[in-house]
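The values are calculated or read from the model by the stated rules, or taken from the named source; none is laboratory data. Keep in mind it's a predicted model, so treat the numbers as computed, not measured. All Cβ positions, glycine included, derive from the backbone under ideal geometry; neighbour counts span all protein chains shown. Remember, those area values only see protein heavy atoms, side chains included, never the ligands or the DNA or RNA. Shrake-Rupley method; radii C 1.70, N 1.55, O 1.52, S 1.80 Å.
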Amino acid sequence: MTDQPAATTREFHEGTKLGDAAQGPRSTLRPEGFTPMDMTNRPAPFKRYPDAPRISLPREVGESQGPAASVLSGERDAAAGDVELDARLLARLLFYSAGVTRVRSSDGQVANWFRAAPAAGNLHPVEMYVVCGAIGDVAAGIHHFGPGDFTLETVRTGDRRAALADALADDAPLRSSVSLVLTGLPWSTGWKYTARGFRHIYWDAGSMLAQTLAVADAAGISARVHLGFVDSQISEELGLDGVSEFPVAVVTLGHGASPAEALGGTELVGGEPAPASPRPFEFPEVTRTQRAGDLSDGEAVRHWREAAAEIGRGAVEQVTGSAGSAEAGSGDRIEELVRRRGSTRMFRPDEISSDLADWCLGVASRPVPADFVGAGMTLLSHFVSVHAAAGVASGRHEWRDGTLQPIAAEPAAAARAEAQRLCLGQPLGGDSAFSVFHCVDLEEVFTALGDRGYRAAQLEAGLAAGRLQLAAFAAGLGGTGLTFFDDAVSAAFDTSQACMLVTAVGASDYRSRPGGLPGEPTEMSGFAPGVVERFKARYERDDA
Ligand SMILES: Cc1cc2nc3c(=O)[nH]c(=O)nc-3n(C[C@H](O)[C@H](O)[C@H](O)COP(=O)(O)O)c2cc1C
């Protein structure tokens with residue numbers, strides 16, 4: 001195996017596959033003494049720097065103009081004219097990417113926090129940092145976003161945009177007043193998902209970025225996702241050890257800013273972060289896989305980026321069709337849509353219109369402005385199990401060139417049963433109107449992009465899943481991300497491609513209250529009368 005490209009990551013991928021029910025639903029790569037989901041060792045819901053200087057973010061974050069549906073369709077072209085990114089817009093971007101929108105309390109105490117973006121197991125292993133010049137009350141520096149109290153915690157002083165540009169081997173951060181750095185905390189998700197949590201970090205980061213990009217677009221700010229950077233330089237800038245937390249992605253925002261001033265003095269001022277839990281575990285396979293993809297210097301970054309610019313298949317930039325207009329959705333602004341989003345826990349088996357299905361799939365498969373794939377291209381293929389879309393044969397399809405292309409027709413009941421089986425037996429996978437299996441030709445990715453290509457493949461899948469969920473809500477439907485049995489998906493669609501993530505879309509069986517604004521999360525008081533009974537009945541029927 002060692003003479004193959006990306007041998008370390010191949011081994012990780014194989015070792016973290018989920019097999020059929022007989023093999024158990026969890027990855028077997030576990031450190032000694034580790035028990036998944038030990039409630040006495042549960043990671044804190046938020047990373048915190050207790051001793052860092054704090055900056056309160058403006059809570060009046062405002063909203064954009066124009067319907068969410070046109071943003072998701074790609075009708076808005078932010079690059080055409082960047083607006084000035086001020087502290088309020090920065091606060092808006094952070095809130096609608098990672099802010100707290102809902103809480104569930106028990107005995108007067110908040111027991112669960114829900115965020116603007118989805119995250120597997122509601123574990124949120126992705127942190128956001130701001131690297132900026134001075135913007136209003138936000139001093140130049142590197143700041144960690146604290147969703148719990150809606151503040152920025154300063155981890156480093158000084159204008160570090162030039163240092164970020166150096167790490168990216170790209171001057172984009174110098175032309176941008178703000179860049180965002182996403183990092184991953186393997187323990188936060190590994191607590192439940194063990195080593196497979198590495199995949200979750202990139203899925204969750206992608207789901208978050210679907211919202212960052214949409215909110216930036218709606219505000220008229222161009223944004224670009226970068227996966228090419230010198231990992232150790234970013235870790236050093238942020239004060240990370242690169243093991244318990246490592247850099248995942250950088251987003252540069254806007255391109256109209258005047259070039260950054262010459263570097264002033266800089267100092268790490270964040271102090272020690274609060275411990276994540278009493279006994280955090282390291283997952284050696286995660287550390288090894290992340291390390292295997294690291295880039296050591298600017299030349300390696302440039303080389304990787306050049307290879308990435310040549311890879312991918314064509315994607316459709318702008319989605320057309322009647323469902324792309326506001327009349328199909330509610331006419332919500334993107335911010336209202338993000339607050340309405342919540343992973344659907346139960347679908348009604350209703351048939352949906354094929355226009356809506358096409359529109360949602362078109363939104364999901366749009367190209368991402370990123371350095372990890374050619375311009376206007378995608379690494380992904382989308383295989384679709386259709387269960388209830390008017391005029392579309394139930395069964396297996398591939399979404400290609402903007403249409404659903406049949407692979408094998410099947411009675412709806414059989415297609416539903418098979419999709420449920422592929423999604424670890426979860427009823428949501430088969431109760432949907434359609435379920436999308438976001439897949440990648442890993443052989444091609446490993447050959448062109450080495451170990452680091454795996455990060456790109458997982459992240460783009462998360463982004464597509466995030467966009468698809470938003471599109472579903474814009475279209476008056478519901479949606480959820482789902483995990484899956486790896487090889488069973490490839491076999492079902494008769495493909496050598498590997499499944500990265502699944503999204504189920506359909507008519508929601510209930511309506512949640514929208515999430516709240518910064519500092520005013522909606523209290524989830526439970527589901528509407530009757531929903532819990534229907535939910536239980538669905539699962540009991542399934543267990544039988
Ligand atoms: C990558 C990813 C995978 C997920 N996998 C599942 C899953 O297998 N089963 C499930 O019921 N929900 C799944 N979810 C939904 C999460 O449980 C949900 O996002 C989380 O509980 C937070 O709730 P919210 O999305 O309503 O904010 C997944 C979400 C993401 C982003």
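Annotations for the structure displayed:
- Heavy-atom accessible surface of the chain: percent carbon and sulfur, 1.4 Å: 50
- Size of electric dipole in the range 326-391: Cβ of Lys, Arg +1 and of Asp, Glu -1, about Cα centre, debye, nearest 20: 300
- Once the Cα atoms are used to define both axes, helix 531-543 deviates from the longest principal axis of the chain by about 70 degrees.
- Ranking 62, 72, 105 by Cα position along the charge dipole of the range 51-123, where only Lys, Arg, Asp and Glu carry charges on their C-beta atoms, puts 105 farthest toward the positive end.
- Between the Cα long axis of helix 87-98 and the first principal axis of the chain there is an angle of about 40°, rounded to the nearest 10.
- Rolling a 1.4 Å probe over the protein heavy atoms gives the chain an accessible area of 38 Å² per residue.
- Overall form of the chain per C-alpha gyration tensor (a/c, 1.5; a/b vs b/c): rounded
- In the chain, a dipole from Cβ-located charges (positive for Lys and Arg, negative for Asp and Glu) runs towards its positive end, and of 506, 219, 436 it is 506 whose Cα lies farthest in that direction.
- Cross-link partners of residue 47 among aspartates and glutamates (Cα-Cα below 15 Å; sequence separation of 8 or more within a chain): 127, 149, 153, 241, 245, 272
- Listed residue (423, 394, 354) projecting farthest to the positive dipole end of the range 315-424, Cβ model: 423
- C-alpha long axis of helix 412-422 to longest principal axis of the chain, angle in °: 40
- Rg/Rh ratio calculated on Cα atoms of the range 32-111 (Kirkwood radius): 1.11
- Relative to the Cα centre, the charge distribution of the chain, modelled as +1 at Lys and Arg Cβ and -1 at Asp and Glu Cβ, gives a dipole magnitude of about 1380 debye.
- Under 26 Å of direct C-alpha separation, and excluding same-chain neighbours fewer than eight residues apart, residue 17 reaches these lysines: 192.
- If both residues of a DSSP beta bridge must be in the chain, then about 95% of such bridges are antiparallel.
- Amide H contacts of residue 513: none lie under 5 Å away among residues 5 or more positions distant or on a separate chain (H built 1.01 Å from N in the peptide plane; Pro and chain starts excluded).
- Long-range Cα-Cα pairs in the range 388-544 (distance over 23 Å), rounded percent: 45
- Helical content of the chain, expressed as a calculated mean residue ellipticity at 222 nm, amounts to -10000 deg cm²/dmol (DSSP H runs of 4 or more residues, -39,500 (n - 2.57) each, divided by residue number, nearest 500).
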